[in-house]
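Here the structure comes first, spelled out in structure tokens, and everything after it is commentary.
The values are calculated or read from the model by the stated rules, or taken from the named source; none is laboratory data. Everything quoted here is computed from the prediction, not taken from an experiment. Don't worry about glycine lacking a Cβ; one is built from the backbone with ideal geometry, like all the others, and counts go over all protein chains shown. We work out accessible area using only protein heavy atoms, side chains counted, and drop any ligands, DNA or RNA first. Shrake-Rupley method; radii C 1.70, N 1.55, O 1.52, S 1.80 Å.
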Amino acid sequence: MTIDKYVLEALSLSRSEGPIYRQLADHFGQLVQQGVLKPGDKLPTHRALADELQVTVGTVTRSYAEMEKRGLVEARVGAGTFVKQSERQGWFLQPVRTENHECNLGYNIPPALDRSATIQEALQQLATSREQLGHMMLYQKAEGFDQHRQCVADWLKQRGVAVDASRMLFTSGAQHGVQLALTVMCRAGDTLLVEKYAYPGVISLAQQQQVKLEPVEMDDQGLLPQSLEAACKRHNPRAIYCTPTLQNPTTAIMNSERRVQILAVCRKYGVMVLEDDVNGLLPTNPPPPLVNSDPDNVIYIGSLSKCLAPGLRVGFLSAPKRLYRRLAIALQNQSWMISPVLTGLSCELLRSGAADQILQWVQADMRLRYQILQQVLGSFDIRSQPNCFHSWLRIPDEWQLNKFIRACHQQAVTVKSGELFVPPGCKAPQYIRLAISGPESVPQLEQGLEKIRDLIS
Ligand SMILES: Cc1ncc(COP(=O)(O)O)c(C=O)c1O
């Protein structure tokens, strides 16, 4: 790869179009997106590029640092700067290797319960009205059927989530909700604040959209208000993405006081909150979500994936009025609408009480799994919560993190490295995430956890 191939032809730096370092980063970002630059390509040295472009070495250094923050490139000590693999190792879903009875503690999926009879009944019910079915086969407005939104809003209200149907949009799961919110809130080069350890899905999305991530310190309650305030002052962020209930991966639940403090800081600095409440319905007595207190400064993102079934691919978001239309247009640009068959099926499950029944099964199964976790690993440095699909385990310093994960794999136990949960360029924590909901059965979970315990011991 030579410099002239990608820089000289297309790059025209202009003093009037913002800082040069940022223009340079935008340009490289476009080349990566267009596939002109490929993972593993080496960038020119700072000096060579500076000479070529007649800018200072400091400008190039700053630009490379900016690209690193956006997750576009990585600096390797003594070797130079390289275009990064855009796909995060371990984020892409891998099928479970059933042939060697793998214990999969990798993915935050609901426990394997047989929902088929319940779904069958709901589908039959949905099929009773031919008129309704015919209607569902037509194009709809991006917001989805009004009665479907009302049904979900009513169901959420009974569970302490106060969202107005007129502010709701259906999404294809919470992941899609986060994507929509990012599309509308951030452009390439903008900063999004995230919890110090964050959901890999938001990290991967930010990388794809070239949004810079800045981590905010946390404690047992999640985000720390002082650190949030410092980050707002320092980085002038567009928004903050956070998971106040059963944070992924740390399991933290913010108490009410902390929620008030976090909202106050965000209001003060004009920072929009993207509240990911995907796990919010799992606790038996969850605290009210942030959106209840400040619906005009929170984009609330929820989903039926964890409490009902991820295969439904039905999520929803509730947005401040001023953003609603932009979000609906973004949704229409992407896929026109969410299939009314799926939202209709979901509503059948909510209306009939089947959804509540499934959630109770999930909670009962998780109670058992939580007990096993406490019995086997409770004496180690581990964070967990009742009804939480995952837990966050510290690995003793004697172990190198990667070696520990490999040792688990050799024992047919899949876990996720702490490395997956930090923004590009941040140090990997000496932790692993264990999705205790993942193994097919409770005995399989127990065996997997015992193998981990033996390795640590
Ligand atoms: C914090 C968080 N947000 C979003 C998602 C994705 O949810 P969905 O399946 O609804 O897209 C997950 C899945 O594990 C998650 O942990």
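Pairs linking a residue in segment 171-184 that is under 11 Å from Val202 (Cα atoms) to a residue that is of a type in the set (Lys, Arg) and within 9 Å of the ligand (Cβ to nearest atom), with Cβ atoms under 9 Å and 6 or more positions apart or on different chains, are Ala174/Lys306; His176/Arg313. Taken together, Val73, Val32 contain a single residue that is of a type in the set (A, V, I, L, M, F, W, C), in contact with a Ser or Thr (Cβ under 8 Å, 6 or more places away or on another chain) and modelled with pLDDT under 85, which is Val32. Put simply, of Leu193, Leu213, Leu180 the only residue that is within 16 Å of the ligand (Cβ to nearest atom), in a helix (DSSP H, G or I) and hydrophobic (A, V, I, L, M, F, W, C) is Leu180. Among the residues of segment 19-71, the ones that are more than 19 Å from Gly189 (Cα to Cα) and part of a helix (DSSP H, G or I) come to 9 in all. Of the residues making up segment 120-154, those that are surrounded by 13 or more Cβ atoms within 10 Å (Cβ to Cβ) and either closer than 29 Å to Pro200 by Cα or among the β-branched types (Val, Ile, Thr) (or both) are Ala142, Glu143, Gly144, Arg149, Val152, Ala153. When Asp154 is tested against (1) over 16 Å from Pro423 (Cα atoms); (2) within 16 Å of the ligand (Cβ to nearest atom), just one condition goes unmet, and that condition is (2). Where strands (runs of 3 or more DSSP E) fall wholly inside segment 290-394, the ranges with 2 or more residues that are outside the structural domain of Arg159 (by TED's automatic domain parsing) and open to solvent by less than 50 Å² (accessible area, probe 1.4 Å) are 390-394.
Table: residues versus (1) closer than 30 Å to Pro225 by Cα; (2) within 13 Å of the ligand (Cβ to nearest atom); (3) aliphatic (A, V, I, L, M).
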{"residue": "Ile262", "(1), (2), (3)": "yes, no, yes"}
{"residue": "Arg267", "(1), (2), (3)": "yes, no, no"}
{"residue": "Pro288", "(1), (2), (3)": "yes, no, no"}
{"residue": "Val291", "(1), (2), (3)": "yes, no, yes"}
{"residue": "Leu312", "(1), (2), (3)": "no, yes, yes"}
{"residue": "Thr343", "(1), (2), (3)": "no, no, no"}
{"residue": "Ser352", "(1), (2), (3)": "no, no, no"}
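Can you say whether Phe380 is touching a Phe, Trp or Tyr at 6+ places or on another chain (Cβ under 7 Å) and more than 23 Å from Arg313 (Cα to Cα), as far as the supplied structure shows? No: the conditions fail for Phe380. Being outside any helix (DSSP H, G or I), over 13 Å from Ser391 (Cα atoms) and at pLDDT 95 or above is the requirement here; does Pro429 meet it? Criteria met by Pro429.
Check whether at least one residue in segment 386-404 is over 26 Å from Asp219 (Cα atoms) and not hydrophobic (A, V, I, L, M, F, W, C), and report yes or no.
Checking segment 386-404: at least one residue is over 26 Å from Asp219 (Cα atoms) and not hydrophobic (A, V, I, L, M, F, W, C).
Regarding Pro244, is this residue under 24 Å from Ser204 (Cα atoms) and either modelled with pLDDT of 95 or more or not in a helix (DSSP H, G or I) (or both)? Yes, satisfied. Given (1) surrounded by 14 or more Cβ atoms within 10 Å (Cβ to Cβ); (2) of a type in the set (Val, Ile, Thr); (3) modelled with pLDDT of 90 or more, identify the lone condition not met by Thr56. All conditions pass for Thr56, except number (1). A single entry from Ala174, Ala165 fulfils the requirement of being more than 16 Å from the ligand (Cβ to nearest atom), surrounded by 19 or more Cβ atoms within 10 Å (Cβ to Cβ), under 30 Å from Arg238 (Cα atoms) and in the same structural domain as Asp296 (by TED's automatic domain parsing): Ala165.
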